[in-house]
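The values are calculated or read from the model by the stated rules, or taken from the named source; none is laboratory data. Just so it is clear, the structure is predicted and the values come from calculations on it, not from any experiment. Here the Cβ positions follow ideal geometry from the backbone for every residue, glycine too, while neighbour counts run over all protein chains shown.
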Amino acid sequence: MNKHLLSVAVVGHANTGKTSLIRTLLRDASFGDIADKAGTTRHVEGAEIRIDDNHNLVIYDTPGLEDSIHLLSLLDSDFAKLSSAGYEDGIDRLLAFIQREHEFPELDQEIKVLKALLSNDLIFYVIDVREPILGKYRDELKILSYAAKPIIPVLNFIEAGEANISVWQAQLARLNLHAFVSFDSVVFRFSDEMKIYQKMQSLLADYDLQLEALIQQRQLQWLQREKAAQQLIASLLVEVAACRFKAVNNEESIQQVSEQLQANVRLLESQTLTQLLTLYQFKQHDIDLYELPIQEGQWKLDLFSADNLQEFGIKATSNFVKGAGVGVAVDLVAAGMTLGAAAVVGGVAGVLWGVKQRYYDELQAKLKGHRYLCADDITLQVLWKRQLHLLSVLQQRGHASVNKMSIDGSALNETGLPKAWAKWLKSARQHPQWASLNESDQPLFTNKKSALIKEITEHLIQIVKLK
Amino acid sequence: MDLYQRHLLTEGIRVIEKTAPSDKFKAPYQNLKFEDAVLKRTDLAELRYQTAPIFNHFKYLINLLSGLMCFVFLILGATSISQLLVNENNSQINFFWALLLFIVPNFLSLLLWFFLYFKSKVVNFTWVASFSLSLISLLDKLQHKITTQHLYYPALFQYYFDHRFGSYLGRSQFSFMSHFWWCSYLLGATFSLLLVLATHQVDFIWQTTILNEDAFLWLTQLLTYLPELLNISVPSVKEVAYASINAVNSVDMAQYNRVNWSNLLIFSLVIYALMPRLILTFIFYRRIKYKQKNFKPDFTLPYYLQLKNIIHPIMNARFIKDADRQISENTNKRIPAADFNHNMSMPLDAFPIAIELTQQAYQDALKIVNAHYSVKLLNIIDRESEEKVLSALASSHLSGLIVFVDIARLPDRGWLTLIKKCSDKISGEMYLVILGQETVDKNPRLFARLQNWIEIAVKANISEKNMTYIIGEQHEDNPKGTHEGTEYE
């Protein structure tokens with residue numbers, strides 16, 4: 001508490017979305033209580049946002065100003081009359097009113113708001129733009145003006161109240177409030193959040209550096225979160241594509257393995273979903289998800305794919321380069337044999353060793369008439385599109401939303417597949433050891449898996465940029 | 001425990017927790033930088049997960065494998081002298097063969113290593129890694145009989161192996177091991193050679209079929225350049241030429257030649273083979289240490305971002321600043337669920353007022369009022385209109401009060417205060433007419449709002465039988481503008 005940077009009081013009429021705004025800024029759906037009725041917030045509740053080791057921003061949620069007409073009439077009558085006794089301006093009126101608070105128990109909520117107005121550096125006045133402009137709102141603004149603090153009107157619910165925005169803007173301009181921001185605590189846009197901090201920056205020049213740090217920090221967090229989410233999606237695609245299960249070539253076994261495959265793919269998607277929700281700080285119950293339809297394809301043994309040949313050192317441009325790597329080891333063992341012989345022997349041994357390690361199971365399966373089942377292209381396409389849609393929904397969801405997110409099928413058809421799609425799948429399918437569920441005893445070779453995940457992530461970043 | 005080990009444990013815990021970091025390891029992280037907070041959490045989590053003994057075991061295995069291989073190469077180097085260079089049946093050393101056996105392969109191997117090291121993308125060490133993994137696994141089975149003691153043993157093993165031999169440390173690690181083993185081999189050979197030369201009297205010759213004498217002379221001169229600079233006695237050009245024909249010298253001269261050739265051989269072995277390997281071994285040892293010192297988990301991974309949300313959430317703290325004194329009273333004061341009167345009768349001697357009606361709702365209310373009442377319907381939208389209504393009420397002879405409200409508006413304490421002020425001005429009953437555009441049954445939000453109106457009306461002492469809900473004319477659900485059972489007395 002000793003190191004706070006500045007404090008902001010969020011005020012407004014009842015049910016305009018003050019708590020929702022704070023929840024969205026904090027990415028915390030547990031802050032305060034929200035309900036579609038007046039008088040939900042009854043305490044003045046504060047939340048600290050950490051900017052750095054030395055600075056905090058404190059935001060206070062306040063009860064709604066529900067009886068502004070009565071309050072203003074008192075301030076403008078009983079307390080204005082005392083101006084000859086020393087009450088000269090709005091602040092004096094408010095202070096005098098607060099000193100006599102016990103005389104107005106019916107206005108105890110409003111008195112909390114008045115105290116918050118006077119004790120904070122900046123005021124966010126939240127307006128539900130779906131509402132028409134009524135006298136009580138004008139009175140609220142007049143009361144706020146008595147506090148002589150910088151005010152940022154926050155136009156909330158702009159999606160639903162789009163038609164009223166210009167009317168509210170004109171009304172605010174009449175009261176000399178030209179610097180307002182638009183926000184929607186249900187349909188969230190990160191740029192709107194940034195505008196709030198930028199507007200604070202323009203009104204509080206003394207805190208310019210600290211607010212700039214806050215803006216930078218939030219932008220970095222947003223980008224990191226987005227990239228991490230894209231990594232999770234890329235990783236899911238690679239894991240599922242690499243996932244395969246061996247079945248004996250009879251109906252019963254295939255049925256059993258199919259179920260096992262489906263269960264595992266669904267488990268992987270569910271894990272990623274949980275991670276994405278955690279990353280964006282939502283709860284599992286925020287989403288209403290239908291089950292992923294899964295079809296099984298048959299994994300094809302592709303011993304001589306270019307990708308695998310490279311694994312064995314048989315790259316078109318550098319034959320036996322990999323083998324030469326083993327040649328070094330063989331050189332060490334031979335320690336004195338000629339290099340060429342060692343490299344050749346090493347290369348051949350390397351390839352043989354590789355074939356044995358990598359394809360022993362597959363070749364054995366082939367000989368015994370077993371088959372490998374994996375998720376087919378359609379399943380992977382649906383999985384991919386679902387994740388992209390989910391990410392888009394998560395990024396636009398405010399933490400005050402109470403409706404469940406729905407990943408329905410209709411939105412999925414709009415997303416096209418990347419050009420490198422087939423290449424990604426082929427690469428992943430050729431490396432079953434990349435799927436954690438396959439329990440391979442081979443080295444993980446995370447470099448190559450990471451490279452593929454990175455490539456897919458880069459593609460996702462490009463998609464977001466294009467949007 | 002140094003920073004590298006703590007970072008390694010942090011990664012080990014990431015491997016164990018897989019996709020979701022646990023929020024069970026609570027501590028005051030707020031005032032720590034994220035990295036320090038993660039390390040603090042690692043210290044706590046380590047008490048539960050016990051990854052350090054597992055990692056120490058893996059380290060021991062790799063060191064053991066490296067040590068065993070080192071010993072094998074030492075023996076190989078030592079025996080190669082007696083097997084391939086000097087033995088009981090042969091008292092001559094072919095200097096050319098000695099070079100080919102120790103220095104030339106070493107040199108070419110260095111070139112190959114150089115190529116592989118700096119062209120890392122051309123080649124990967126997949127099969128070296130696979131081979132090493134198999135060796136370590138075998139060693140583990142021999143050393144560590146029960147491999148399933150720790151629940152996450154295989155996952156940690158995979159991670160540790162990838163860490164030591166993967167992209168971050170792998171090239172340095174392989175280079176270090178390769179140079180170290182060459183050192184062992186050459187050291188074994190050097191000691192063995194010293195031992196042989198100390199205990200045997202051998203003559204040095206050089207023999208070749210396909211190379212000419214000039215090439216060998218040039219090679220020997222190249223090798224003798226450095227020792228001559230250091231004033232070490234080495235064979236002269238003449239002695240080299242004699243060696244090729246195995247000329248017989250006097251006893252003194254022969255002994256002198258043997259010492260010179262021995263000096264050259266030992267010097268060549270130490271300086272041209274062992275020393276570069278020792279230097280490279282040291283360099284890569286330092287490089288590994290440097291990389292270990294600078295090793296940091298990748299904090300941009302989804303796992304660490306999730307962890308950041310747990311230990312450094314955007315909200316640092318939350319607190320109540322001005323608590324509501326009436327909260328318990330308000331919470332306990334439950335208003336029973338109520339319903340409006342579907343067939344409400346409104347008195348004709350009542351004063352109709354509207355509160356915050358939109359134009360459309362006002363028109364709906366106006367139609368009702370104009371049809372049955374002679375009083376002008378006033379809509380209270382601000383303080384001025386409120387005062388006007390209160391004044392009109394005070395001067396009115398009508399006993400009742402009919403309040404028209406819009407279901408879309410939120411009932412609040414301001415409304416309650418106004419109704420109480422109005423009720424003070426009348427003697428009869430109050431009636432509430434809630435205007436809407438659609439039936440509430442199909443819209444849960446509207447239904448809840450209607451309940452809010454009923455609740456606040458009860459607080460304003462309006463009887464349930466005096467409340468009704470009317471659907472306006474414009475809505476398609478009610479094209480004829482029927483009013484739900486309202487009658488006029």
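Applying the selection to the stretch B:361-392, what residues are within 11 Å of another protein chain (Cβ to nearest Cβ), touching an Asp or Glu at 6+ places or on another chain (Cβ under 9 Å) and in contact (Cβ under 8 Å) with a residue 24 or more places away in the chain?
B:A361, B:N379, B:I380, B:I381
What tally of residues in the stretch A:34-68 results from selecting those that are charged (D, E, K, R) and over 27 Å from A:W222 (Cβ atoms)?
Counting residues in the stretch A:34-68 that are charged (D, E, K, R) and over 27 Å from A:W222 (Cβ atoms) gives 5.
Do we have A:V248 as modelled with pLDDT under 90 and in contact with a Ser or Thr (Cβ under 7 Å, 6 or more places away or on another chain) here?
no
Select, from A:D53, A:D33, the only residue that is facing another protein chain (nearest Cβ under 8 Å), more than 19 Å from A:L114 (Cβ to Cβ) and of a type in the set (D, E).
None of the others qualify; the one that does is A:D53.
Considering each residue of the stretch B:16-74, count those that are farther than 30 Å from A:L267 by Cα, at pLDDT below 90 and of a type in the set (V, I, T), and give that number.
The total comes to 1.
Considering every residue within the stretch A:69-76, establish whether at least one is modelled with pLDDT under 90, more than 10 Å from chain B (Cβ to nearest Cβ) and farther than 20 Å from A:K142 by Cα.
No; the residues of the stretch A:69-76 include none that is modelled with pLDDT under 90, more than 10 Å from chain B (Cβ to nearest Cβ) and farther than 20 Å from A:K142 by Cα.
Looking at (1) out of contact with any Lys or Arg (no Cβ under 8 Å at 6 or more places or on another chain); (2) closer than 21 Å to A:G17 by Cβ; (3) away from every other protein chain (no Cβ under 11 Å); (4) not charged (D, E, K, R), which is the only condition A:L95 fails?
(2) is the only condition that A:L95 fails.
Tally the residues that are touching a residue at least 60 places away in the same chain (Cβ under 8 Å), closer than 18 Å to B:Y159 by Cβ and part of a helix (DSSP H, G or I), restricting the search to the stretch B:8-40.
Count: 9.
If you check A:R42 against the conditions, is it away from chain B (no Cβ under 11 Å) and either out of contact with any strand residue (DSSP E or B) (no Cβ under 9 Å at 6 or more places or on another chain) or among the acidic types (D, E) (or both)?
Spelling it out, it is not the case that A:R42 is away from chain B (no Cβ under 11 Å) and either out of contact with any strand residue (DSSP E or B) (no Cβ under 9 Å at 6 or more places or on another chain) or among the acidic types (D, E) (or both).
For B:T417, which of the numbered conditions (1) surrounded by fewer than 23 Cβ atoms within 10 Å (Cβ to Cβ); (2) farther than 23 Å from A:P63 by Cα fails to hold?
It fails just one condition, (2).
Given the structure, is B:K442 of a type in the set (K, R), more than 16 Å from B:A361 (Cα to Cα) and modelled with pLDDT of 85 or more?
no
For the stretch A:197-209, enumerate the residues that are surrounded by fewer than 19 Cβ atoms within 10 Å (Cβ to Cβ) and in contact (Cβ under 8 Å) with a residue 40 or more places away in the chain.
A:L203, A:L204
Taking the conditions exactly as written (on the phi < 0 side of the Ramachandran plot, at pLDDT 75 or above and outside the structural domain of B:D382 (by TED's automatic domain parsing)), does B:N316 satisfy them or not?
yes
Out of the residues in the stretch A:12-30 that are under 28 Å from A:T278 (Cβ atoms) and small (G, A, S), state the one that is farthest from the other protein chains (Cβ to nearest Cβ).
In this case the residue turns out to be A:S20.
Taking A:A411, is it in a helix (DSSP H, G or I), modelled with pLDDT under 85 and in the same structural domain as A:Q271 (by TED's automatic domain parsing)?
Judged against the criteria, A:A411 is a match.
Hey, can you tell me all the residues within the stretch B:300-323 that are under 26 Å from A:V10 (Cα atoms), outside any loop (DSSP other than H, G, I, E, B) and in contact with a Leu (Cβ under 8 Å, 6 or more places away or on another chain)?
Residues satisfying the conditions are B:N309, B:M315.
State which residue pairs qualify: first residue more than 24 Å from A:D286 (Cβ to Cβ) and inside the stretch A:177-190, second residue basic (K, R) and buried (at least 19 other Cβ atoms within 10 Å of the Cβ) in any location, beta carbons under 7 Å apart, and separation of 6 or more residues or different chains.
Partner pairs satisfying both residue conditions: A:A179/A:K199; A:V181/A:K199.
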